[in-house]
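Notes follow once the structure below has been shown.
Laboratory data are not the source of any read-out in this text; all were calculated from the coordinates shown. As the structure is a prediction and not an experimental result, all values here were calculated from the model. Virtual Cβ from ideal backbone geometry, glycine too; neighbours counted across all protein chains shown.
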């Protein structure tokens, strides 16, 4: 917002100045409102010139003389924000709003600052408040749409971008952002249309050409993708990702030499480009976009095939998609590259377990524990594997070790209790189930286990109480538990 002196405030200050000029023998007092106007004007000029440090000093002088000047607080907040003091900026915007609650610009700039600091909910509220007062502020709709998208409300983001464009159809960056949101919603055609419209308005957007090239490539239009990547590089010859992705398109089209050249250019510009793709892959995996994660990890590995963590991360994504053979292969490559990567042994063990290779799973979990003997979860899981193989005593040892490392974990207590039941250590089993319930009082399985221990100890009433609690938590257990009680009663009566 362009700094300006409020009209009402200016009229008052000028009137005071005229009165003073008509009083002979009276010198201008530095503390008079006229002097405040001088400071204010100079602060505005300094802010316009980019000298925000001295602008802040002048606005502070104004506020010493006129402490209820909302505009001075607002503009000092803007200068603080541009000087790298976002918290001070928010404080000044808040003070301005306390004096002038309808100052839409203060809400808007406070929202921008909160977004920068990661306070997305606070930014959302401030953008909405600004729009209540200034419903035709297109940029505020755009910025609120960005926040909604970051909060996962893609449809809400598209709606706000659309409102912004209705108010100002020349906002190229809004078409770009709406295109990204549409693509995430599965509207690939609509996404391409928006990116094309953004480029019609501003044909110098290298990132937009690059993104549209990615969409075209994913739709199988390799020649169109190639053109867009090339256009992006014409605008920005340092866009390493565009070289890399153009190289992939060339390779698919049979131009192996061109692909190799582009890959070399990408790495020459950005030697750490593989790490960028790795980081993107991690973000996509954590957000649940497993195919997108795999694509990024694969690109990273094509540039740097010795990144053990990338093989490991791709294995995690493959495992989430249920592709256990590919996951095991990636964990194996990670181990070959980095033999001391305990997590890779652990995850490969779990994948082997799911594939039915219990022996291989035990071996991998054992190796993981050799490398990281403080992994309580690995001890618990190896305990389950030992139990399944008939090694109940070994299983109990693992559950006990798990609890030494993490005494607040309920599951090893439950698992050890089940083993003790099998070994007819009913008192020990009862103690473990009770400990599990102390740590996790809403788990139906734990109540079932303790109820069975009570039955073995001839304490039917306590068993009924535990079975009732279990059935309340999980009603589908009712018939099974009723049959267990009836079988117990038949055993007692000999019928």
- Item | Relative contact order [Cα under 8 Å, 6+ residues apart], segment 272-370, whole percent | 19 percent
- Message: I want to check the label-to-label distance for residue 202 and residue 83. Put each point 7 Å from Cα in the C-beta direction and report it in nm to one decimal.
- Response: 2.9 nm
- Can you pull the Rg over Rh of segment 272-370, Cα-only, Kirkwood? 0.98
- Item | C-alpha center-to-center spacing [segment 340-379, segment 234-259] in angstrom | 40 Å
- Task: Please say if segment 365-441 is rounded, prolate or oblate, where rounded means a/c under 1.5 for a ≥ b ≥ c the square roots of the C-alpha gyration tensor eigenvalues, and otherwise the choice is prolate for a/b larger than b/c and oblate otherwise?
- Result: oblate
- Cβ density ranking, 10 Å radius, fewest first, applied to 97, 365 yields 97, 365
- Task: Compute the long axis of helix 460-473 from its Cα atoms, compare it with the longest principal axis of the Cα atoms of the chain, and write down the angle in degrees, 0 to 90, nearest 10.
- Result: 40 degrees
- Query: Quick one: length gained pulling residue 235 to residue 98 fully straight, 0.36 nm per residue minus the C-alpha distance?
  - Reply: 44.7 nm
- Item | Global geometry of segment 161-235, whether rounded, prolate or oblate, following the gyration tensor of its Cα atoms and the 1.5 cut on a/c | oblate
- Task: Subtract the Cα-Cα distance of residue 389 and residue 189 from 0.36 nm times their separation in residues, and report this length gain in nm to one decimal.
- Result: 66.6 nm
- Task: Calculate, in nm to one decimal, what residue 136 and residue 304 gain on full extension: separation in residues at 0.36 nm each, minus their alpha carbon distance.
- Result: 55.5 nm
- What percent do you get for the relative contact order of the chain when only Cα pairs under 8 Å and 6+ apart count? 4 percent
- Once the Cα atoms of helix 7-21 and of the chain are each reduced to a long axis, what angle between those two axes, in degrees from 0 to 90 to the nearest 10, is obtained? 40 degrees
- Message: At a threshold of 8 angstrom on Cα-Cα distance, excluding pairs fewer than six apart, so keeping six or more, what relative contact order does segment 379-495 reach in percent?
- Response: 16 percent
- Query: Which label marks the calculated value of percent of Cα pairs over 40 Å apart, given the options (i) 69; (ii) 53; (iii) 46?
  - Reply: (ii)
- Message: Just want the ordering: 219, 199, from fewest to most Cβ atoms lying within 10 Å of their own Cβ.
- Response: 219, 199
- Message: What is the angle, in °, between the Cα long axis of helix 273-286 and the longest principal axis of the Cα atoms in the chain? Nearest 10 is fine, range 0 to 90.
- Response: 70 degrees
- Task: For residue 57 paired with residue 153, estimate the spin-label separation in nm (one decimal), with each label point 7 Å from Cα along the Cα-to-Cβ line.
- Result: 4.4 nm
- Message: Give the separation of the Cα centroids, segment 29-107 to segment 293-315, in Å.
- Response: 50 Å
- Which order do 443, 51, 245 fall in if you start with the one that has the fewest other Cβ atoms within 10 Å? 51, 443, 245
- Note on the structure: Expected sort for 105-112, 387-394 on mean C-beta neighbours within 10 Å, highest first, is 105-112, 387-394
- With the Cα gyration tensor of segment 347-495 giving a ≥ b ≥ c as the square roots of its eigenvalues, does the rule (a/c under 1.5 for rounded; else a/b larger than b/c for prolate; else oblate) give rounded, prolate or oblate? prolate
- Note on the structure: So, with points 7 Å from each Cα along the Cβ direction, the residue 490-residue 374 label distance in nm works out to 5.3 nm
